[in-house]
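Working notes, structure below.
Just so it is clear, none of the values below were taken in a lab; they were calculated from the coordinates. Note that the structure is a prediction, hence the values are computed from the model and not measured. Here the Cβ is made from the backbone with ideal geometry for all residues, glycine too, and neighbour counts use every protein chain on show.
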């Protein structure tokens, strides 16, 4: 069964990628969607077995690399953690497949698109079911590759191509850290297999190593390096710049890869490695700080963006920040819970926005929308549900997971934890504001589009709306139904078992009431507040913006990260390349090396030719000179 | 004495070239015959070498299929034999050569017969390099390979072919003269040039450094290592496609092979002593040439520079003295042999159609050449070391091995992985994606059947060994193990003798 889950998407990808001419576009769509859906059903069965029958397994498919002491196998490891990921990945993926049939119906390259989606699903599944770091890395790069393909899917668009390369390269920077982390693990443990590594961790706690001239704790270093990889994949601050640009890809891609699954791989990595991270206070604190900074900074940017997808992208970035600081305070299960609920409502929001974009004929600027909620009632309803769930409106799924993160951060008791809790609360407020801003600007107020008449706006096809409904059910109920399983202090250990390690049991008890109640209250109040700000009385907003022009520009330009990187990385790289090539290779090595040697030889031979003048008296003179020289030599001796 | 299978593999292409020599006429039918004969010979040779792999005993660390004949009254012995390392290179050679023959259809317009004769002679010589168990024989094959290559560039090359050919010759000759001197010194000191005997005797530690440097000067040029790499881009740019393929896929590997067989094998103490030098030059090669590759405007030059960077990994891995590093280097060489061959063939495909190697000529090719785009993507990904391609296995093992030996070196080398992705993806983007602005490109055809055949034949092992490199790793394992054991044994006993 595990084999089927993993390989059905791959088979679908191969069929759709190579045989589309033979079997037709429609068949490709059906095969890919069907195969991934079967995979989803099987995953749910496995999930069920894991919950109720304590199912565990580690299947070795084949050996991969076998060099000296390094032994790596292709494997499928099923435990609670991978089972959760299996369900998230296959479920969202199958819905996105079905949605794409409608969304991409006018695109000539449908089979290629479906093939990429299925291939991505395969790569993501091989990532989550790995039983060793190298297969994880395989899946890690594999999803990165598919993301590259899908961002650049519309290859004629220059911006799409640039975004695709940017995504790949920024991720490579993260992978640089990740790879070093794997090397370090192999260096210390002589293996890259999870279980073997995790068992040996306690022996390494106090080990110091000198790395690049700095003496540091081995476990700290391993964790930090692995986390750099996670930062790249999960678009955390400094390595986040690719995610907003990745929105150049078709919207279903954004929903699947850049919201629900691939970007959460970093969180998954940290949770998977909890047996290592638990021993590194330094790394955990670092993660908390990075997580909360990302949560906050991405939310501030989302406040002023005008591209509907970019707003949701920054929102994703921010929510990933939440997940990270949850892991940073040791609440890995809570992070997984948020990952789980987030997958539903964020996919819902993206697919919903896709439906809006579709209706507006590929317009993405929310300033050019408005007032269409009656025209798109179903989409509107779905987006409202998604927004409520995202902001953490009471009793919807985001409420349970996000508030749990804030509570557990507070309960951790250390300074970073408490700061994180406050940042979390404030960010939740910002989240609510930008989310409602999106809703109000898109669906309410005035109609602002000159190109398309409002009468022409129409609801999307049935195929696109069904996945939305299923996701909306998840967004509403996933939190309530699964909270006991994921985060209840009594049940949770029975469920997660060894897949997550808690060195210090999560502290029981409750934070002060104000911490518990403040978020839902803020979130609820933000609805009328935003309505007033973005629909009723826009003058206030303009005056605020005018008064703080510099901050506004700072946010609008996304904290100037791209410009900064352009100056310190991209331009210098090109200059260095040119310098090495022109100044050193051509003008130094070649000029003084082979070229000058051949020049010298040429000059010498020119000189030599002068001796062959053809005049006998010159030859005779030379002979005489030689003869006397030899004579002199003999006489002296 | 069994059937001399190694000599057969070495000689078969030469005999084939002799046949070609006697085929008369240069048009129509006889041209066809010439091609078929060359193809038949090279393919047969490939199958024989596969059979050789089948016969080869992977569990033994001894040289196998040894043939030993006196030559010149015992002054030189013709001695050949193979171990797990050589066999892979032999197969690489016999695998790539028929593809070169297949690829000449479009690119070589004049004197096809002579060209194929040169290619077949090259094959003989290159196989000879990987089989030689005697220094003199090795030297003859090693330097002999220069001559056909020199001719291929000089006769069938582009506009600046004479400059490039001479640069190539000058560089490589300079290196090899010193190696010849070293070989003579070894002969005078030990009375033999038989490698297996020299392994047993062990070269005096006091001589090793100088001898090592002499060999190094030859191998460094051929690898090529920084700063003696500048002949390679020029040679590639001017060489015809098949020449570039042989140069990148096999000629460069002779140096890597030489490092393993001679530098590590014969001069372990000197190798240990010079490891920092190699590390330094390898890192420069990886980082420096990657930056240079980034800015290239000519596709062939870009790939040539990327070859230098890839070979930088190889030299790095060889001198890590770890199982992962050495095995990684060998896999990397095989992988680079396949991928660089494929990349040069791919550039050749475009050149045949438009007669331009400049990147800016292209853009948007995916809409007119979809099949080409897919195949080129596979090779691009393998060149940047994506898991699931053979490029990854080599690179990752090398870095892993390097990391065990030296954190700093491995960390710097890791930067190359980022740069590698940058220049390859950027190249791909500028050629394949984007809008199709150049109107001339609208008319060009996608790959024809023989091109698809050639490129797919290379793509298959690239992917297969990415997912399942065991056949390669198993073949070299015992030999590499043996090499490292001897190396360490030498170091320990040298250490013991010197306090």
Distance between Cα centroids, the range B:1-52 to the range A:33-86: provide it in whole Å. 51
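Starting with the highest mean, order A:596-605, A:570-579 by the number of other Cβ atoms within 10 Å, averaged over the residues of each peptide.
The packing order, highest mean first, is A:570-579, A:596-605.
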Report, in degrees rounded to the nearest 10, the 0 to 90 angle that the Cα long axis of helix A:332-359 makes with the longest principal axis of chain A. 90
By count of other Cβ within 10 Å, fewest leading, how are B:232, B:198, B:247 ordered? B:198, B:247, B:232
Taking each residue of A:207-217 in turn, how many C-beta atoms of other protein chains fall within 10 Å of its C-beta, and what is the average? 1
Area projected by the alpha carbon convex hull of the range A:19-126, averaged over all directions, nm²: 8.5
How would you rank B:251, A:348, A:468, B:442, going from fewest to most other Cβ atoms within 10 Å of each one's own Cβ? B:442, B:251, A:468, A:348
Sequence-separation-based contact order of the range B:5-497, relative, with Cα cut under 8 Å and 6+ spacing, percent: 16
Mean shadow area of the protein assembly as shown, taken as a quarter of the surface of its Cα convex hull (nm²): 53.9
Average partner coverage of A:579-585, which counts Cβ from other chains inside 10 Å: 6
For chain A, take the longest principal axis of its alpha carbons; what is the angle in degrees between that and the long axis of helix A:80-103, to the nearest 10 within 0 to 90? 90
In the range B:5-497, what is the volume of the convex hull around the alpha carbon atoms, normalised per residue and reported in Å³? 128
Would you please classify the overall shape of the range A:1-70 from the alpha carbon gyration tensor, given that a ≥ b ≥ c denote the square roots of the eigenvalues, rounded means a/c under 1.5, and beyond that prolate means a/b larger than b/c while oblate covers the rest? oblate
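What's the ranking of B:129-137, B:163-171 by average number of surrounding C-beta atoms within 10 Å, highest first?
B:129-137, B:163-171
Over chain A, what is the mean sequence separation of C-alpha contacts under 8 Å (at least six apart), divided by residue count, expressed as relative contact order in percent?
12
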Protection proxy ranking, peptides B:81-90, A:616-625, average beta carbon neighbours within 10 Å, highest first: B:81-90, A:616-625
What is the calculated FRET efficiency for residue A:620 to residue B:493, with r their C-beta to C-beta distance and R₀ = 51 Å, to the nearest 0.05? 0.20
So for the range B:1-122, using the alpha carbon gyration tensor with a ≥ b ≥ c as root eigenvalues (a/c under 1.5 gives rounded; past that, a/b versus b/c decides prolate or oblate), I'd call it prolate
Partner shielding of B:413-425, taken as the mean number of other chain Cβ atoms within 10 Å, equals 4
